[in-house]
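**Student:** What follows is a single structure, and I will ask about it in a moment.
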Amino acid sequence: MKLRSEPRPTFSESVLERVRLDFVQRGESIADWSRERGFDPDAVYQVLSGRTRALRGKSHHIAVALGIKPAPIQSTEVVEPVEDKGDRM
């Protein structure tokens with residue numbers, strides 16, 4: 001049985017520490033911040049501890065809300081489907 005290697009962290013420890021320190025300086029708890037924005041506090045703690053890479057889904061949204069990932073750029077370009085003109089069996 002092959003053991004999975006630990007994934008590389010997405011964020012440096014200094015970035016995560018800065019965000020945690022910001023909470024302390026504002027006097028705001030991470031749990032309160034999480035609930036106010038509709039996030040599960042445990043999921044936010046996982047992002048801030050580096051246990052979650054925040055590549056997609058809820059953890060990605062949390063990282064964007066925390067300011068440690070940029071918001072995705074919304075494309076306004078409309079892509080037309082390509083018509084298949086090849087022979088079909």
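**Student:** So, of the residues in region 54-75 that are among the small types (Gly, Ala, Ser) and part of a loop (DSSP other than H, G, I, E, B), which turns out to be nearest to the chain's Cα centre (by Cα)?
**Tutor:** Taking region 54-75 and keeping what is among the small types (Gly, Ala, Ser), we get 54, 57, 59, 63, 65, 67, 71, 75.
Of the ones still in play, those that are also part of a loop (DSSP other than H, G, I, E, B) are 54, 67, 71, 75.
Working: Ala54: 3, Gly67: 10, Ala71: 10, Ser75: 19 Å.
The extreme case among them is Ala54.
**Student:** A further question on this structure: Take Asp22 and decide whether it is of a type outside the set (A, V, I, L, M), modelled with pLDDT of 95 or more and either surrounded by fewer than 12 Cβ atoms within 10 Å (Cβ to Cβ) or not in a helix (DSSP H, G or I) (or both).
**Tutor:** Numbers: of a type outside the set (A, V, I, L, M): yes; modelled with pLDDT of 95 or more: yes; either surrounded by fewer than 12 Cβ atoms within 10 Å (Cβ to Cβ) or not in a helix (DSSP H, G or I) (or both): no.
Criteria not met by Asp22.
**Student:** So, of the residues in region 35-53 that are part of a loop (DSSP other than H, G, I, E, B) and either modelled with pLDDT of 95 or more or among the small types (Gly, Ala, Ser) (or both), which turns out to be surrounded by the fewest Cβ atoms within 10 Å (Cβ to Cβ)?
**Tutor:** If we take residues in region 35-53 being part of a loop (DSSP other than H, G, I, E, B) and either modelled with pLDDT of 95 or more or among the small types (Gly, Ala, Ser) (or both), then Gly38 is surrounded by the fewest Cβ atoms within 10 Å (Cβ to Cβ).
The values are calculated or read from the model by the stated rules, or taken from the named source; none is laboratory data. Keep in mind it's a predicted model, so treat the numbers as computed, not measured. Methodologically, a virtual Cβ is constructed for each residue, glycine included, from the backbone with ideal geometry; neighbour enumeration extends over all protein chains shown.
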